[in-house]
1. Can you give the helix-only mean residue ellipticity at 222 nm for the chain, where every DSSP H stretch with n ≥ 4 adds -39500 (n - 2.57) and the sum goes over all residues, rounded to the nearest 500 deg cm²/dmol?
2. Convert each backbone phi in the stretch 71-80 into a coupling constant with the Karplus relation 6.51 cos²θ - 1.76 cosθ + 1.60 (shift: θ = phi - 60°), then list the ³J(HN,Hα) values in order as whole Hz, x for Gly and Pro.
3. Quote the charge dipole size of the chain about the Cα centre in Debye, to the nearest 20; the model charges only the Cβ of Lys and Arg (+1) and of Asp and Glu (-1).
4. Cut-off 11 Å, label point 7 angstrom out along Cα-to-Cβ of Arg91: give me the residues of the stretch 40-62 whose amide nitrogen falls inside.
5. Counting other C-beta atoms within 10 Å, and keeping those with at most 12, which DSSP coil chymotrypsin sites (Phe, Trp or Tyr not before Pro) do you find in the stretch 35-129?
6. Please list 15-24, 74-83 highest first by mean number of surrounding beta-carbon atoms within 10 Å per residue.
7. What's the FRET efficiency of Asp140 with Asp74 using the Cβ-Cβ distance as r and R₀ = 25 Å, to the nearest 0.05?
8. Take every DSSP beta bridge whose two residues both sit in the stretch 2-167, then give the antiparallel share in percent to the nearest 5.
Amino acid sequence: MITVVTGGARSGKSSHVVRLGMRHPGPVVFVATAPVLDDDMETRIARHRAERPDWPTVEEPHDFSATITSASGDTMVIVDCITLWVSNLLRRGDYDEEVATTASQLAENARTSPAHIVLVTNEVGLGVHPETELGRRYRDLLGRVNQILVAQADRALFMVSGRVLLLSDPGGDSEKGSP
């Protein structure tokens, strides 16, 4: 099962997935993609660590596929977050098409994993139009990656001000699960 949790910055995504993990009856593994690049990021990471239980944590900014593919069926794997993962891939020098291909492979790995995979990502397309070409490129690429992942998801949740909205599929055929 794949759940994608998206929303704006500070919308409650991470807190919500921690609650999902705490309600999960089996083991939970947390994948952190954020590298510590400055004092602000270090503070944010420390706050997130304090908010979540003592789950095994894999700190991997680029390739966490082994964690997803090796997880057992009773495990929940929380990946927080795809937003920084895409940034990390770009910083590493990956081209947009490589990032999209890697995202497709992530979606396939999550789809074939027996575990419940929870992917956290930001919705950056609702804000101010980026001033720079790089900012616009990143916004567009992250939007594309999010669409790739949500297309494979069993459910997609949109966080707004700490509230959960269940997103229906594009065809409107069904609502996949509950928040």
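1. The helix contribution divided over the chain gives -14000 deg cm²/dmol.
2. 6, 7, x, 8, 9, 10, 10, 9, 10, 10
3. 540 debye
4. 41-42, 61-62
5. Counting only loop positions with at most 12 other Cβ atoms within 10 Å, the chymotrypsin sites (Phe, Trp or Tyr not before Pro) in the stretch 35-129 are Tyr95.
6. Details: 15-24: 16.4, 74-83: 22.1.
The packing order, highest mean first, is 74-83, 15-24.
7. E between Asp140 and Asp74, to the nearest 0.05, is 0.10.
8. Of all bridge pairs located within the stretch 2-167, approximately 15 percent are antiparallel.
No value in this document is a laboratory result; all are computed from the given coordinates. Computed from a prediction, not measured in an experiment: that's the story for all the values here. With ideal geometry, Cβ positions are generated from the backbone for all residues, glycine too; neighbour counts draw on all protein chains shown.
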